Amino acid sequence: MTSTTAYWVRGVRILDGDPTDLVIANGAVWGIGVRPEEGAHQEVVEVDGTGLVALPGLVDLHTHLREPGREDAETVDSGTRAAALGGFTAVFAMANTEPVADTAGVVEQVWRLGREAGHCDVYPVGAVTVGLGGERLAELGAMADSAAGVRVFSDDGKCVSDAVLMRRALEYVKAFDGVIAQHAQEPRLTEGAQMNEGELSGRLGLAGWPAVAEEAIIARDCLLAAHVGSRLHVCHVSTAGSVEIVRWAKSKGWAVTAEACPHHLLLTDELAATYDPIYKVNPPLRSQSDVEALRAGLADGTIDIVATDHAPHPHEDKDCEWAAAAFGMLGLETALSIVQHTMVDAGLLDWAGVAERMSYAPARIGRATDHGQPIQVGAAANIVLYDPAATRNVDPTESASLSRNTPYRGMELPGRVVATFLRGRPTVLDGKLA
């Protein structure tokens, strides 16, 4: 491929628009509603866009790439391959690696690994506290000033449960327009917890994980963010009560944003009755009423974004008894299909709404200025072409991830990513890695 190769996508719908032609060249959207000019490009590759929807490249604010330290589960290369196949052009890599991404050196390592892989842009998330220990602040300023330019900080996997430390972190990141992404889990209320607390957990003999353990931290942190005038992002909201607390905070005009994960939009705690650890996740799968509240909150904008919480684990960490199994599920390659199934096909969102929640808003929250832009002439060509009429059966062995812990194994899902373009360069074509 030369630098003057043009991709001519014929008859594609941009979001919810009418079919048109889209020309991608020189890293940007070269034209809409026009054909490539003869002689203007050394090569023109035609792509049949009939029936396809063009969306801005997806942005995942919550991905676990595991490298450094757990390359048996995932690497930056394998995880970003999965991301590209899912339509993502940017992912934010969480800090709970080994060593923890709590210094400029580690976040720069992850950032460089992303650049070398080249499948999508990788934005490292910096740890809030040293070693995720929850005792003293990490080098937030140094990570912000590093080559990685970190703007999102999270101890995800663990909660910053100390209110004084959380306040200091919120105050600190104001200096460089950062955001604290909180894993809302009150530790004392969830000691030994295994699944959603309710009648079913009692019947199954699994320690319950009460909704209030999430909701209490979210309420506290919304008040802290308002008090210091800083930005708070709430990770993986999972309960109806959490949605109401975020809605209340937003009604006050506070700088609070929140995310929902695909699995919490579809799956319920009833699956724990199988005792299959593939359904063990943090926070746990909740009730059907919680699922419905999350969908409604995502539809009305209370929940700002969809984030995958892609959490790969090697076979041995999931193929064991429930209590010993690791928390987490794969999510990158199925996220858009789950959102189509739960939100678009249900009439709760149109494709413009999907673009807002899976591209524009996550890029805005994470300050990923090169992403989350509308598809318009002159804009960087970060684009996904998606076939909503396709269907597929989820086969874990076909995943680009090194791990296989998808909860959708054998499930028929709608939609297929046909192509992904990163600054005009195809990372996926015809549903395969380019």
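Ligands, DNA and RNA left out, the 1.4 Å accessible surface of the stretch 57-366 is 50% carbon and sulfur atoms.
Surface listing: C159, C261, C320 arranged by accessible area from highest to lowest gives C320, C159, C261, probe 1.4 Å.
Exactly which GluC sites (Glu not before Pro) in the stretch 177-214 are in a DSSP loop and have at most 12 other Cβ atoms within 10 Å?
Of the GluC sites (Glu not before Pro), the ones in loops of the stretch 177-214 whose Cβ has at most 12 other Cβ atoms within 10 Å are E191.
Accessible area per residue for the stretch 57-366 is 33 Å², calculated with a 1.4 Å probe on protein heavy atoms, without ligands, DNA or RNA.
Loop by DSSP (not H, G, I, E, B), at most 13 other beta-carbon atoms within 10 Å: where is the longest site-free stretch of the chain for trypsin sites (Lys or Arg not before Pro)? That would be 253-434.
Tally Lys/Arg at +1 and Asp/Glu at -1 over every other residue whose Cβ is under 14 Å from the Cβ of Q288; what's the total? After counting each charged neighbour, the total is -3.
How much of the DSSP beta bridge set in the stretch 57-366 is antiparallel, as a percent to the nearest 5?
Around 5 percent antiparallel, to the nearest 5.
Quick one, which of (i) 4, 19, 28, 24, 14, 6, 3, 1, 0; (ii) 4, 14, 18, 18, 16, 12, 8, 6, 3, 1, 1, 0, 0, 0; (iii) 5, 23, 33, 26, 11, 3, 0, 0 is the actual P(r) over Cα pairs in 10 Å bins from 0, in percent calculated for this model? Here P(r) over Cα pairs in 10 Å bins from 0, in percent agrees with entry (iii). Considering only P19, G31, W8, and ranking their Cα positions along the charge dipole of the chain that arises from unit charges at the beta-carbon of Lys, Arg, Asp and Glu, the one farthest toward the positive end is G31. Calculated mean residue ellipticity at 222 nm for the chain: -7500 deg cm²/dmol, from DSSP H runs with n ≥ 4 weighted as -39500 (n - 2.57), summed, divided by the residue count and rounded to 500. Restriction of the GluC sites (Glu not before Pro) in the stretch 298-356 to DSSP coil positions whose beta-carbon has at most 16 other beta-carbons within 10 angstrom yields E321.
The values are calculated or read from the model by the stated rules, or taken from the named source; none is laboratory data. Being a predicted model, the structure only gives us computed values, none of them experimental. Don't worry about glycine lacking a Cβ; one is built from the backbone with ideal geometry, like all the others, and counts go over all protein chains shown. Heads up: the accessible areas ignore ligands, DNA and RNA and are worked out on the full protein's heavy atoms, side chains in. Shrake-Rupley method; radii C 1.70, N 1.55, O 1.52, S 1.80 Å.
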